[in-house]
Every structure is written in structure tokens, then in C-alpha cells.
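Here is the structure we will look at, set down as C-alpha cells.
Nothing in this text is a laboratory measurement; each read-out follows from the coordinates by a stated rule. What you see is a predicted model; the values in this text were computed from it and never measured. Counting neighbours? That spans all protein chains shown, and the Cβs are built from the backbone with ideal geometry, glycine included.
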Amino acid sequence: MNSIVTQRFIKCHDKLRTENRVRSSRQFALSLDYLPQSLSEILKGRRDVTIELLRKAVDLYKINPVYIYTGEGPMFMSEDGNKSFRVLTIVTNVQNDERIVHVPVPAQAGYAGEISDPGFIEDLPTFTLPDYKYKVGTHRSFDVSGDSMEPTLFEGDKVICSFLEPTLWETSLKENYVYVVVTRGDVVVKRVVKNNLKESKQLLLESDNDFYDPYTVNAGDIREIWYVRAKISPFLPSPQNIQNLLRDEIRQLHNTINQQSELISKLNETIGKLLHQSEGLK
């Protein structure tokens, strides 16, 4: 029995044949630099489609990877709106359960690169979390770098994210929520202020640190969007540190009250002198 992904791939192949976009299965295989005999095994249900074959089919025939992996959306992508889509590589264990891939800071430039290499993803560290919500769907974690998202996120934090299907960007991307946006050259953790993908094909992104200005990203430059669901922080103040912080805050509050009391006393003294002078003039 073919996997569901292979079954959808076969449907795309059959549609290409029906629409005469390919003359034969042999011509389809050769155009993808694939052995016709091996393709025949896939079409007969004796083997599953490979990631590399899917990648070539997406590039050459604009097969929609969202349809291939989820069954949603059209079988084929339009030329203008989906040039930046790419096949999402996942990593599974021996039980075929999907693992969470972690993208550390040193790997983020390569992750955002134009060439999507399954081997690159497979070499990244992976882990699992016990919560059931991380057992359903595809999840990734990313290192947070810099101070642009302080005080919400600090450098060294790791954000755990859920994959947002490209077909859902226009309708399901929530404003004022934090996302990881992967562009053609960068991986950024930002708050989406305005989702204008439907109207002007742009996202307005903002940092929580007021020092940084908001900026827009064009839809054509976006490759992946991940919804931030949780964070892992290496910073955990000890109880002693918390007590010290409370003492400092109480001390500062006490000093402020003392200063205000002194100002009030001086103000009362000044008012008294002015009243005494006023009575002497009468």
C-alpha cells in the first residue's frame, strides 16, 4: 500500500497525463532525471515516492507541496503566487514519529538559503516534548539572537513553533502574535503587527524592543512561517536573587517616599513663611 503522499503524487501524475502536459509516464520520468522503471514501480504501488523526486516535480511541474503533504489546496501552484514554496523536510524516529528539529543560530543562515537540502535538515539536532500538542503536526525550534524582542524574549531563549501552511497565511496568521518568519536570506523572530498578504502581499513586522523600527516583508520573499507556541529559557533566577530583587525594589520605594516627604516638608515650610510675610504686610 502506498503512503498517502505517494497516492497524491500519483494523482498529480495522472492529471498531467490527462491534460497532455506530459505525453507518457516515461517522458515524465525522464524529464525528472528518474528511471522509468522506478517510476512504474511507484505508479503500481510497489514503492513510495522519494523526497528528491518530489522536489524535482515541484520545481519542474509546479506540483503544490502543500497539497502533497496535507491534501489541501490545488494540485498545482500558480506561477506568480507560490514561487517561494518549498518541500518541508521532516525527521522521524524508528517508530515513524516526527521529531522537533532545532535550528541553532549558526545554522540559521544555511536554513534560510536558496538551496533546500534534506541532508542539511537531517543533520540538525532533534528532540521530543511530552506534551500531546507537540505530537500532532510539524514543529521546529529556533534560537533567539539579539535583543530586538526584549522583554518578551531574550538572547539564548529557544522558541518552539508550529508550522503554518502557506495556504493559510492570508487567513490564519494572527496579528499581534509572535512568529518565526523565514525569508530568502534570514530567520527572524518578530511580532506580526499587520497581515496585509491578501491586500498588498506584505507583512508588517515589529520588535518588542522599541529601539527597533517596524518593517515590511514581501510575500514573495517569505519561505516559511512558524507560529511561536512556547519558549525554553536558560535564565532562571534563584530564590536568593528574587529576594534580592524584592529588597532592592522596596529600598528604592522607601527612598522615593523619603524624598517625597522631604519635598512636602520643604513646601509646607515655604508656604508658612509666605503666609507669615503676608500677615506682616497687613
**Complete:** Percent of all Cα-Cα pairs per 10 Å bin for region 100-232, counting from 0 up to the last occupied bin, reads 12, 44, 37, 7, 0
**Item:** Label-point gap, in nm, between residue 30 and residue 133 - each point 7 angstrom along Cα→Cβ
**Value:** 5.3 nm
**Proximal lysines relative to residue 190, as straight alpha-carbon distance under 28 Å, when same-chain residues fewer than 8 apart are discounted** = 83, 133, 135, 158, 174, 198, 201, 231
**Dmax and Rg, reported as Rg then Dmax, of the chain (C-alpha, Å)** = 29.1, 117
**Request:** With springs only between Cα atoms under 10 Å apart, run a GNM on the chain and tell me which of 111, 134, 215 wobbles the most.
**Result:** 215
**Message:** In whole Hz and in residue order, list the ³J(HN,Hα) couplings for region 28-35 that follow from phi through the Karplus curve 6.51 cos²θ - 1.76 cosθ + 1.60, θ = phi - 60°; x for Gly and Pro.
**Reply:** 4, 5, 5, 5, 9, 6, 10, 5
**Request:** Would you work out the relative contact order for region 4-70, in percent, from Cα pairs under 8 angstrom that are 6 or more residues apart?
**Result:** 36 percent
**Request:** With springs only between Cα atoms under 10 Å apart, run a GNM on the chain and tell me which of 126, 138, 171 wobbles the most.
**Result:** 171
**Request:** Assuming R0 = 30 Å, can you tell me the calculated FRET efficiency for the pair residue 19 and residue 183, based on Cβ-Cβ distance, to the nearest 0.05?
**Result:** 0.35
**Asked** At a Förster radius of 41 Å, what calculated FRET efficiency corresponds to the Cβ-Cβ distance of residue 41 and residue 193, to the nearest 0.05?
**Response** 0.20
**Item:** Mean separation of Cα contacts under 8 Å, 6 or more apart, over the residue count of region 156-271: relative contact order %
**Value:** 28 percent
**Prompt:** According to a simple spin-label model (label point 7 Å from Cα along Cα-to-Cβ), what is the distance in nm between residue 257 and residue 96?
**Reply:** 6.7 nm
**Share antiparallel - DSSP beta bridges, the chain, percent rounded to 5** = 90 percent
**Item:** region 100-232: relative contact order as a whole-number percent, Cα under 8 Å and 6+ apart
**Value:** 25 percent
**Prompt:** What GluC sites (Glu not before Pro) does region 47-79 have in DSSP loop regions with at most 12 other beta carbons within 10 Å?
**Reply:** 72, 79
**Message:** At a 10 Å Cβ-Cβ cut-off, how would you order 97, 221, fewest neighbours first?
**Reply:** 97, 221
**Prompt:** Rg to Rh for region 4-70: what is it, with Cα atoms only and Rh by Kirkwood?
**Reply:** 0.91
**Message:** Helix-only estimate, please: 222 nm mean residue ellipticity of the chain, summing -39500 (n - 2.57) across DSSP H runs of length 4 or more and dividing by its residues, to the nearest 500.
**Reply:** -11500 deg cm²/dmol
**Complete:** Measuring from its Cα centre, the chain shows a charge dipole (+1 at each Lys and Arg Cβ, -1 at each Asp and Glu Cβ) which, in debye to the nearest 20, is 1080 debye
**Message:** Going by average Cβ density within 10 Å per residue, which order do the peptides 11-18, 143-150 take, highest to lowest?
**Reply:** 143-150, 11-18
